[in-house]
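S.K.: After the structure tokens below, expect a handful of questions from me.
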Amino acid sequence: MKETVLSAGIDIGTSTTQLVFSKISLENMASMMSVPRIQIVDKEVVYRSDIHFTPLVSKIEIDARAVRTIVEQEYAKAGVTPDQVQTGAVIITGETARKQNASEVLSMLSGLAGEFVVATAGPSLEGIIAGKGANAQQESKKRGATIANLDIGGGTTNIAVFNNGEVIDTACLDIGGRLIRFSGDNSKVAYCSDKMGCLTRSMGLDADEGTPISHGAIEAISQRMAGILEEVVGVVPATGELATMVTDKDLKRDYAIDYITFSGGVADCITTNCDGNDFEFNDLGRFLGRAIAKSRIFTEKQVLESAETIRATVVGAGSHTTDISGSTVTFNDDALPVQNVPILKLSEEDEAKPLETWGRTIAEKVEWFRLKEEHQTPALAFKGFDDISFEGIQLLASAIIQGMASVMNDKVPLIVVVECDLAKVLGQTLKAQLDFKKDVICIDTVKVENGDYIDIGQGLAGGKVVPVIVKTLLFGY
Amino acid sequence: MISEDKIKNIIAEVLGSMATGDQASPSQASPAAEACEELCDLTAVDLKKELQVPEPANREAYLKMKATTPARIGIWRAGPRPLTRSLLRFRADHAVAQDAVFSNVSDEFVESMGMFQITSCCKDKDHFLTRPDLGRKIDDETIATLKEKCKQSPRVQVYIADGLSSTAIETNAKDAYSSILQGLKGHGIETGTPFFLKYGRVPAMDVISEVLTPEVTVLLIGERPGLATGESMSCYMAYKASTTMPEANRTVISNIHKGGTPAVEAGAHIADIVKTMLEQKASGLDLKL
């Protein structure tokens, strides 16, 4: 009984806007004689859109209406209607994410993007999504190695480092192929980002808008940019300029990187021979690509081919953001979907304490959470126990109800997310203890951390599992 | 000819090198192994977390793989043979399995469950193990007891049998049973009078079902233990079970133990399956889950 889910990925980046549709196949992998274990068995990209330039009305504002038109056209070309799309993600990435009207764009797309498609942004998450799209995560798991994926786009380089399939570090740099753009005849600088201005000045070059620029200078700037990437992955010592070019945070560099993969638009110019017009897009993308190919990253590290280059982020968004819960969970379909629910997780120390004290611990955390986020109701998360008695479950449920008392009257379901396999019995117990008067969503086999947000979609595979998107902001702060 | 002195020297040299070898070993031994220096229960060590390969290229990846299976991987070797530790563990696990089969579910346990006890047509454990046919039957006297003590024609009859692992029952039956009852109550489904069947095999549920005529019969029974665990319990269910129904009418949930599906979670799942059975009036292969 294979079931497929259609997932959409829409990436509105600094330079390009893209869309993909993926088919995610679910199958019960347990024997007929066991409790079901539904797993994602296959992910296949079934439609890749053209790569569009992101429409802007000004330097800092996205043209939301034009984005909608692009998306509508691509839906039509793919022969997909919004109601067919069951999950997925819209992400606004790169420099664009810092632009002011991101939320307007998202609301413009909301009706189009199906029931469950959600909005996320933030450089760490983008790097992680791109790393998954480029296959760096899966490869690190397969090889049992540490792999850093560098997603080099028009405006930023997002780096995610995976060890045995887990994200261990992220970084974002203002290094991109379109941070300097040229005039129509490519003799002058038409645009130079502030950070690039700093970098060129440190080299004694002037790249302000309107200044004439030579071929040699473009090569030199590209080499310096490639040099910053050498620094960030640790093949040469870090300089002050690296700190300047870092957007949010640098890599920790306290672990060994075994392999490097490249994705993003610039990656195409690294790995393939980009002959032809170097100035096709009036920017330094191809120069940067060539400079990276000649850099010490290639001599000092082993570079692996990535599964996707310019489409890594959008494929990651379409195919790799959705996960599924465990197969024995508790939920009411009419209470779903829920989106952007903040996670409130108990620490290991909290969990080590006796269950009798949990109620107070949870209540304190909820109170503290409410001080910061007055109007939001958090989902309670904890690891749980592999070996818990029925009495233990009863104690646990009453502690949760006691602890969540102050948010129990909110007009949203009570949401509990656990790692260990106990969501069905815990959900049933919570419902029973609440006299079946409150909607309870209790899911398991999902790992979340404090600061994450979670989306939960409607039931799949005959209502056994729910699709889950965990939006990690952890590495960003 | 080697002189006596020379031999002495060689022995001293060998002993010296052995001593340094001994010094090196504790740092290589896993923490689990260190905790077991004294005579201790080998089966208390979690195999999924114990890696005996002395210098793995990637310990973390190896342990991740081990965490997914109770199979004996990463146990290293001495020449072509297993390490003494592995061999002893193998035999210890086998002993656990034997204990699970040959021990009895205690009367105290049955009492603590608030259940009364009946026995199949087997006289003792040996009889039970050698005569599977008798473990499937109950005599007329027992049938009379059932009729006298149990509610007739409940919607759901739940009972427990020892089967091939008393350990499984003593470890898991209570939590699973409580969880099933809570789930069924939540669905508004009434249950009959529970009891414990000693020396019981699965098909005894057919005989019992014909006596008590519930719509759905639910049996919690100890599974034949293996080397991974002796604590595994199964749940057999059937809609309007009878001695003439085909085996294919049974629905089974196996592998209920802390390393498989936890008993409380399995109970909650079983309650939902029973609800589906009542809705579809079917079980086994006829049931669409």
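S.K.: Which whole-number value in Å² is the accessible area per residue of region A:224-278, probe 1.4 Å?
M.R.: Per-residue accessible area for region A:224-278 comes out at 40 Å².
S.K.: Among A:Pro237, A:Ile292, A:Cys269, which residue has its Cα furthest toward the positive end of the charge dipole of region A:235-296, with +1 on Lys/Arg Cβ and -1 on Asp/Glu Cβ?
M.R.: The Cα lying farthest towards the positive end belongs to A:Pro237.
S.K.: Put A:Asp185, B:Asp133, A:Asp151 in order of accessible area, largest first, 1.4 Å probe: what do you get?
M.R.: A:Asp185, B:Asp133, A:Asp151
S.K.: In whole Å and largest first, what semi-axes does the C-alpha gyration tensor of region B:172-215 yield when each eigenvalue is scaled by 5 and square-rooted?
M.R.: Taking √(5λ) for each Cα gyration eigenvalue gives 21, 15, 7 Å.
S.K.: Output the 0 to 90 degree angle, nearest 10, between the alpha-carbon long axis of helix A:215-232 and the longest principal axis computed from the alpha carbons of chain A.
M.R.: Between the helix axis and the principal axis of chain A, the angle is about 30 degrees.
S.K.: If you take the charge dipole of the protein assembly as shown about its Cα centre, with +1 on Lys and Arg Cβ and -1 on Asp and Glu Cβ, which of A:Leu422, B:Pro54, B:Ala168 is farthest toward its positive end?
M.R.: Looking along the dipole axis, the top candidate is B:Ala168.
S.K.: Let me ask another. Using only alpha carbons, build the gyration tensor for region B:103-286 and give me the equivalent ellipsoid semi-axes, biggest first, whole Å.
M.R.: Value: 22, 20, 16 Å, ordered largest first.
S.K.: Here is a follow-up. Could you run the numbers on buried accessible area between B and A, total for both chains, 1.4 angstrom probe, in Å² to the nearest 100?
M.R.: Approximately 2200 Å² gets buried when B meets A.
S.K.: Separate question: For chain A, find the longest principal axis of its Cα atoms and tell me its angle to the long axis of helix A:358-372, 0 to 90°, nearest 10.
M.R.: Helix A:358-372 sits at roughly 40 degrees to that axis.
S.K.: Taking the Kirkwood radius as the inverse of the mean 1/r across Cα pairs, report the Rg/Rh of region A:327-445.
M.R.: Ratio of gyration radius to Kirkwood radius: 0.92.
S.K.: Follow-up. Would you calculate a helix-derived [θ] at 222 nm for chain A, using -39,500 (n - 2.57) for each DSSP H run of n ≥ 4 and dividing by the full residue count, to the nearest 500?
M.R.: Values: 16 runs with 152 residues, N = 477.
Value at 222 nm, helices only: -9000 deg cm²/dmol.
S.K.: What lysines could a cross-link reach from A:Lys464, if we take a straight Cα to Cα line under 17 Å and drop same-chain neighbours fewer than 8 places away?
M.R.: A:Lys2, A:Lys424, B:Lys275, B:Lys288
S.K.: Among A:Asn158, A:Gly144, A:Gly177, whose Cα projects farthest towards the positive end of the dipole of region A:138-189, with charges put on the beta-carbon of Lys, Arg (+1) and Asp, Glu (-1)?
M.R.: Of the options given, the answer is A:Gly177.
S.K.: In Å², what does the accessible area per residue of chain B work out to with a 1.4 Å probe?
M.R.: Using a 1.4 Å probe on heavy atoms only, each residue of chain B averages 51 Å².
S.K.: I'd like to check one number: the per residue accessible area of region A:2-121, probe 1.4 Å, reported in Å² as a whole number.
M.R.: Per residue, region A:2-121 has 44 Å² of solvent-accessible surface.
S.K.: Which three extents, in angstrom, do the Cα atoms of region A:2-121 have along their principal axes, listed largest first?
M.R.: Principal extents (Cα only, largest first): 61, 28, 21 Å.
S.K.: List the trypsin sites (Lys or Arg not before Pro) within region A:355-428 that fall in a DSSP loop (any state other than H, G, I, E or B) and whose Cβ has at most 10 other Cβ atoms within 10 Å.
M.R.: Answer in residue order: A:Lys411.
S.K.: Another one. Among bridges DSSP assigns within the protein assembly as shown, what percent are antiparallel (round to 5)? Don't skip to the answer; put the middle values down first.
M.R.: On the way: 66 of 107 bridges.
In the protein assembly as shown, approximately 60 percent of DSSP beta bridges are antiparallel ones.
S.K.: Tell me the carbon and sulfur percent of the accessible area for the protein assembly as shown, rounded to whole percent, probe radius 1.4 Å.
M.R.: Whole-percent figure for carbon plus sulfur exposure: 51.
S.K.: If you don't mind, there's one more thing I want to ask. Please report, in Å, the Rg and the Dmax of region A:136-306, where both are computed over Cα atoms only.
M.R.: 15.8, 50
S.K.: May I pose another question? Using helices alone, what [θ] at 222 nm do you get for chain B, with -39,500 (n - 2.57) per DSSP H run of 4 or more residues, divided over all residues and rounded to the nearest 500?
M.R.: -14000 deg cm²/dmol
S.K.: Take a quick pass over region A:136-306 and tell me how many lysine pairs come in under 27 angstrom between Cα atoms, counting only ones 8 or more apart or on separate chains.
M.R.: For region A:136-306, the number of qualifying lysine pairs is 13.
S.K.: Long-range amide H contacts for A:Val465: which residues qualify at under 5 Å (H placed 1.01 Å from N, peptide plane, sequence gap of 5 or more or a different chain)?
M.R.: A:Leu460
S.K.: Right, something else. Which percentage, to the nearest 5, of the DSSP beta bridges contained in chain B is antiparallel?
M.R.: 45 percent
S.K.: Within region A:136-306, what percent of beta bridges assigned by DSSP are antiparallel, to the nearest 5?
M.R.: Roughly 70 percent of the beta bridges in region A:136-306 run antiparallel, per DSSP.
S.K.: Related question: Name the residues of region A:423-452 whose accessible area, probed at 1.4 Å, falls by at least 40 Å² once all protein chains are in place instead of their chain on its own?
M.R.: Residues meeting the cut-off: A:Lys424, A:Val425, A:Gln428.
S.K.: Could you compute the longest span of chain A free of GluC sites (Glu not before Pro) located in DSSP loops and having at most 15 other Cβ atoms within 10 Å, not counting the site residues? Intermediate values should be presented prior to the final figure.
M.R.: Working: sites that count: A:Glu115, A:Glu209, A:Glu280, A:Glu305, A:Glu373, A:Glu374, A:Glu449.
Longest gap between qualifying sites, sites excluded: A:1-114.
S.K.: More than 45 Å apart: what percent of Cα pairs in the protein assembly as shown qualify?
M.R.: 39 percent
S.K.: Starting from the exponent 0.38 and prefactor 2.2 Å, build the expected Rg for region B:33-148 from its residue count and divide its actual Cα Rg by it.
M.R.: For region B:33-148, the normalised Cα radius of gyration is 1.64.
S.K.: Next up: Shielding of B:200-211 by partners, i.e. mean partner chain Cβ atoms within 10 Å per residue?
M.R.: Working: counts 0, 0, 0, 0, 0, 0, 0, 0, 0, 0, 0, 0.
For peptide B:200-211, the averaged partner shielding equals 0.
The values are calculated or read from the model by the stated rules, or taken from the named source; none is laboratory data. Being a predicted model, the structure only gives us computed values, none of them experimental. Positions of Cβ are generated from backbone atoms using ideal geometry, with glycine treated the same way; all protein chains shown enter the neighbour counts. Calculation scope for accessible area: heavy atoms of the full protein, side chains included, ligands and nucleic acids excluded. Shrake-Rupley method; radii C 1.70, N 1.55, O 1.52, S 1.80 Å.
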